[in-house]
1. Among ARG19, ARG38, ARG30, whose mean-square fluctuation peaks in a Gaussian network model of the chain (Cα, cutoff 10 Å)?
2. What's the magnitude of the charge dipole for segment 19-113 around its Cα centre, counting Lys and Arg as +1 and Asp and Glu as -1 at the beta-carbon? Answer in Debye, nearest 20.
3. Using a Gaussian network model of the chain with C-alpha springs under 10 Å, which one of TYR79, TYR59, TYR94 is most mobile by mean-square fluctuation?
4. How much of the accessible area of the chain, in percent, comes from carbon and sulfur atoms when a 1.4 Å probe is used?
5. Segment 55-79 to segment 99-114: how many Å between their Cα centroids?
6. Just how many pairs of Lys in segment 6-114 have C-alpha atoms closer than 23 Å, counting pairs that are eight or more places apart or on different chains?
7. Separation between the ARG66 and GLU44 pseudo-spin-labels, each 7 Å from Cα along Cα→Cβ, expressed in nm?
8. How high is the FRET efficiency between SER7 and GLU88 when r is their beta carbon distance and R₀ equals 25 Å, given to the nearest 0.05?
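The values are calculated or read from the model by the stated rules, or taken from the named source; none is laboratory data. Here the structure is a predicted model, which means the values were calculated and not measured. As a convention, Cβ positions derive from the backbone with ideal geometry for all residues, glycine included, and neighbour counts pool all protein chains shown. Note: accessible area is taken over every heavy atom of the protein model, side chains too, but ligands, DNA and RNA are not part of it. Shrake-Rupley method; radii C 1.70, N 1.55, O 1.52, S 1.80 Å.
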Amino acid sequence: QVRLVESGGGLVQAGGSLRLSCKASGTIIRIDDMGWYRQAPGKESELVAAITSGGSTNYADSVKGRFTASRDNAKRAVYLHMDSLKPEDTAVYYCYAAYDEIYWGQGTQVTVSS
(Lines give C-alpha, C1' and ligand atoms only; values in the text may rest on other atoms or scores of the structure.)
Protein backbone atom coordinates (compact mmCIF):
# COMPACT_ATOMS: atom_id res chain seq x y z
CA GLN A 1 0.00 0.00 0.00
CA VAL A 2 1.40 3.37 -1.05
CA ARG A 3 0.22 6.55 0.62
CA LEU A 4 0.90 10.14 -0.40
CA VAL A 5 0.45 12.89 2.17
CA GLU A 6 0.40 16.52 1.13
CA SER A 7 0.89 19.68 3.12
CA GLY A 8 1.43 23.38 2.59
CA GLY A 9 -1.76 24.67 1.05
CA GLY A 10 -3.59 27.70 2.33
CA LEU A 11 -4.80 31.22 1.64
CA VAL A 12 -2.45 33.78 0.17
CA GLN A 13 -2.78 37.16 -1.49
CA ALA A 14 -2.06 37.61 -5.16
CA GLY A 15 1.66 37.98 -5.72
CA GLY A 16 2.49 35.82 -2.73
CA SER A 17 4.18 32.45 -2.47
CA LEU A 18 3.40 29.00 -1.15
CA ARG A 19 5.32 25.73 -0.98
CA LEU A 20 3.53 22.41 -1.25
CA SER A 21 5.07 19.19 0.00
CA CYS A 22 4.13 15.60 -0.67
CA LYS A 23 5.73 12.53 0.88
CA ALA A 24 5.20 8.93 -0.09
CA SER A 25 5.18 6.06 2.36
CA GLY A 26 4.52 2.35 2.22
CA THR A 27 6.00 -0.53 0.29
CA ILE A 28 7.80 1.23 -2.53
CA ILE A 29 10.55 -0.30 -4.60
CA ARG A 30 11.06 2.82 -6.63
CA ILE A 31 9.18 5.90 -7.84
CA ASP A 32 9.39 7.04 -11.42
CA ASP A 33 7.63 10.31 -12.23
CA MET A 34 6.19 12.52 -9.51
CA GLY A 35 4.31 15.74 -9.86
CA TRP A 36 1.27 17.87 -9.29
CA TYR A 37 -2.17 18.26 -10.82
CA ARG A 38 -4.75 20.83 -9.87
CA GLN A 39 -8.47 21.13 -10.24
CA ALA A 40 -10.36 24.38 -9.98
CA PRO A 41 -14.15 24.51 -9.46
CA GLY A 42 -15.96 23.83 -12.70
CA LYS A 43 -12.76 23.06 -14.59
CA GLU A 44 -11.01 19.90 -15.67
CA SER A 45 -7.90 18.79 -13.86
CA GLU A 46 -4.66 20.19 -15.19
CA LEU A 47 -1.12 18.87 -15.02
CA VAL A 48 0.83 21.61 -13.27
CA ALA A 49 4.30 20.09 -13.05
CA ALA A 50 5.97 16.75 -13.54
CA ILE A 51 9.44 15.71 -12.50
CA THR A 52 11.29 12.53 -13.39
CA SER A 53 13.46 10.54 -11.01
CA GLY A 54 16.45 12.19 -12.71
CA GLY A 55 15.10 15.67 -12.04
CA SER A 56 13.85 16.65 -15.48
CA THR A 57 10.80 18.87 -15.22
CA ASN A 58 7.82 19.78 -17.32
CA TYR A 59 5.38 22.59 -16.55
CA ALA A 60 2.02 23.82 -17.72
CA ASP A 61 2.40 26.98 -19.78
CA SER A 62 0.29 28.85 -17.26
CA VAL A 63 2.82 28.34 -14.47
CA LYS A 64 6.14 28.45 -16.29
CA GLY A 65 8.51 30.92 -14.69
CA ARG A 66 6.43 31.06 -11.49
CA PHE A 67 6.32 27.48 -10.18
CA THR A 68 9.25 25.20 -9.48
CA ALA A 69 8.98 21.49 -8.85
CA SER A 70 11.67 19.57 -7.03
CA ARG A 71 12.02 16.19 -5.38
CA ASP A 72 14.09 14.36 -2.84
CA ASN A 73 14.34 10.73 -3.90
CA ALA A 74 15.80 9.63 -0.58
CA LYS A 75 12.80 11.07 1.24
CA ARG A 76 10.37 9.98 -1.48
CA ALA A 77 9.11 13.54 -1.54
CA VAL A 78 8.07 16.03 -4.18
CA TYR A 79 7.69 19.75 -3.69
CA LEU A 80 6.06 22.62 -5.55
CA HIS A 81 7.28 26.12 -4.89
CA MET A 82 4.78 28.65 -6.19
CA ASP A 83 5.71 32.29 -6.64
CA SER A 84 3.78 35.25 -8.04
CA LEU A 85 0.51 33.51 -7.33
CA LYS A 86 -2.58 34.66 -9.19
CA PRO A 87 -6.28 34.26 -8.34
CA GLU A 88 -6.54 31.83 -11.27
CA ASP A 89 -4.12 29.50 -9.46
CA THR A 90 -6.88 28.83 -6.92
CA ALA A 91 -7.55 25.09 -6.98
CA VAL A 92 -7.15 21.85 -5.12
CA TYR A 93 -3.64 20.58 -5.78
CA TYR A 94 -2.98 16.85 -5.92
CA CYS A 95 0.41 15.22 -5.93
CA TYR A 96 1.00 11.94 -7.69
CA ALA A 97 3.68 9.29 -7.87
CA ALA A 98 4.08 6.77 -10.65
CA TYR A 99 5.45 3.32 -10.04
CA ASP A 100 3.46 0.22 -10.93
CA GLU A 101 0.41 2.47 -11.04
CA ILE A 102 -0.43 6.09 -10.34
CA TYR A 103 -0.82 6.95 -6.69
CA TRP A 104 -2.53 10.15 -5.56
CA GLY A 105 -2.47 12.41 -2.56
CA GLN A 106 -5.63 13.56 -0.84
CA GLY A 107 -5.40 17.08 -2.22
CA THR A 108 -4.62 20.41 -0.60
CA GLN A 109 -6.53 23.62 -1.16
CA VAL A 110 -4.72 26.66 -2.49
CA THR A 111 -6.70 29.90 -2.49
CA VAL A 112 -5.28 33.10 -3.93
CA SER A 113 -7.18 36.28 -3.12
CA SER A 114 -7.09 39.32 -5.35
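1. Taking springs between Cα atoms under 10 Å, the residue moving most is ARG30.
2. Value, rounded to 20: 340 debye.
3. TYR59
4. Roughly 46 percent of what the probe reaches on the chain is carbon or sulfur.
5. A separation of 13 Å, based on Cα centres.
6. Within segment 6-114, the lysine pair count is 4.
7. 2.1
8. Efficiency at R0 = 25 Å is approximately 0.65.
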